[in-house]
Amino acid sequence: MLLGLFRGTSVANNMEAERDRITTGSDPGDDWEALANLIEETAAAVSRKTGLREHLRKTSTLYARYDLAIDEILPAGRPLMVTEPLAHAFEVHEQFPPIPSTILFEELLVPRFERVLSFPKGENSGSPQGDLTVEVSVWREVRLAIGPADQIETPRALFEVRTRVDLSSDGELVAVRRPWFYLKDESPEQVEVLLDDGDVVEALINLGPPKDADLGLRKANAAFISFLPEEYLSWVPLQGPLQFEHVYAIWYPVTAENTTNLLSRSAHGDPSDNRPEIRLHLHDIVTETRVPEGTVGALLETSLLGDEQTIQAALIERALQLVNLVEHYAVEKRHRALEKHESVIARLRSGQ
């Protein structure tokens, strides 16, 4: 609804201008164009094998919503694909489009810092209570997805970008069901902690900037997205590529320019880069590639050209899971409708 309200306004126009400024750079050249084409061909092959075109058609007409955190389809009063073509669009996890994606790499946006996770006092002795000091890691995931980039029923490759927050205590990850936060500095955010028995406990955490944080990052954000109200800005950098807010995922079309901007960085970190860590989810083996060796793009190119086809396999597996999830929900929904018809007709015929 909000997206619809702002379409055609100066806010939307300014966002378009900022998007163009990010994705327009020097000529990427034929080699990066070739990688973009290879990614598109891979997405097309996955789509044919898994029936993604029919899946997208169904999600555009089936009234429901998909919750990314719990991986479930739930009733809703609007189509499952609430956001239309996804290129340059963004969405929250509670109404995520049910499209497949697989992570390529993740980068640590700011140095790790400590915070206090506060659990409410309750009668259940098996639940955590009081305060727990945790280490906070803020990661930006860059993923390869397949969805309606520019036409609602046409599956195409997309770069999907999310910010994820990891919490750990004594070297062990704290299981969090919804690891997507605003990362602002005003008030505590709610955390859903998963217990070993499967129960969920709600806690609070303040993810504002540490005392020694470089608040120049916030000023950079303000200059970078000058049309956004101050309350929307985070102290964690939103640049490269733009996320409207950290709580949203955003999608970019697989153009040569976007492929260059996202994947031309060093696969092993850059001493001149202020970001302290990059974590790869690609085979760290490079043979002959068209794009420069030592880049994330070269590792992706190797993965797409290799015999193991791990990227394709991951996308196929996830696509089939989502296709089956939506199909099962659609069948169950129709079954319930048929049962209601039969029940009412039986009642009418009995004269009740």
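The values are calculated or read from the model by the stated rules, or taken from the named source; none is laboratory data. The structure presented is a predicted model; accordingly, all values stated were derived computationally and were not measured. Note that each Cβ is placed from the backbone with ideal geometry, even for glycine, and that neighbours are counted across all protein chains shown. SASA here: full protein model, heavy atoms, side chains in, ligands and nucleic acids out. Shrake-Rupley method; radii C 1.70, N 1.55, O 1.52, S 1.80 Å.
From the list Ala346, Ala319, Ala313, which one is more than 30 Å from Arg265 (Cβ to Cβ), hydrophobic (A, V, I, L, M, F, W, C) and in a helix (DSSP H, G or I)? When all the criteria are applied, what remains is Ala346.
When the range 75-122 is filtered for residues that are over 30 Å from Gly171 (Cβ atoms), more than 15 Å from the chain's Cα centre (by Cα) and not in a loop (DSSP other than H, G, I, E, B), the ones remaining, listed by number, are Pro75, Ala76, Gly77, Arg78, Pro79.
Residues are listed down the side, and each one gets a yes or a no for (1) closer than 27 Å to Ala45 by Cα; (2) open to solvent by 50 Å² or more (accessible area, probe 1.4 Å):
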residue	(1), (2)
Glu114	no, yes
Val138	no, no
Val142	yes, no
Arg156	yes, yes
Glu160	yes, no
Thr163	no, no
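All conditions but one from (1) open to solvent by 10 Å² or more (accessible area, probe 1.4 Å); (2) at pLDDT 95 or above apply to Gln95; the one that does not is (2). Each residue in the range 172-206 was checked for being among the aliphatic types (A, V, I, L, M), within 15 Å of Ala69 (Cβ to Cβ) and open to solvent by 40 Å² or more (accessible area, probe 1.4 Å), and 3 pass. Taken over the range 63-107, the criterion of being among the polar types (S, T, N, Q) and over 29 Å from Arg336 (Cα atoms) is satisfied by Ser101, Thr102. If only residues of the range 292-316 that are open to solvent by 20 Å² or more (accessible area, probe 1.4 Å) and in contact (Cβ under 8 Å) with a residue 24 or more places away in the chain are counted, the one that is nearest to Pro75 (Cα to Cα) is Ile316.
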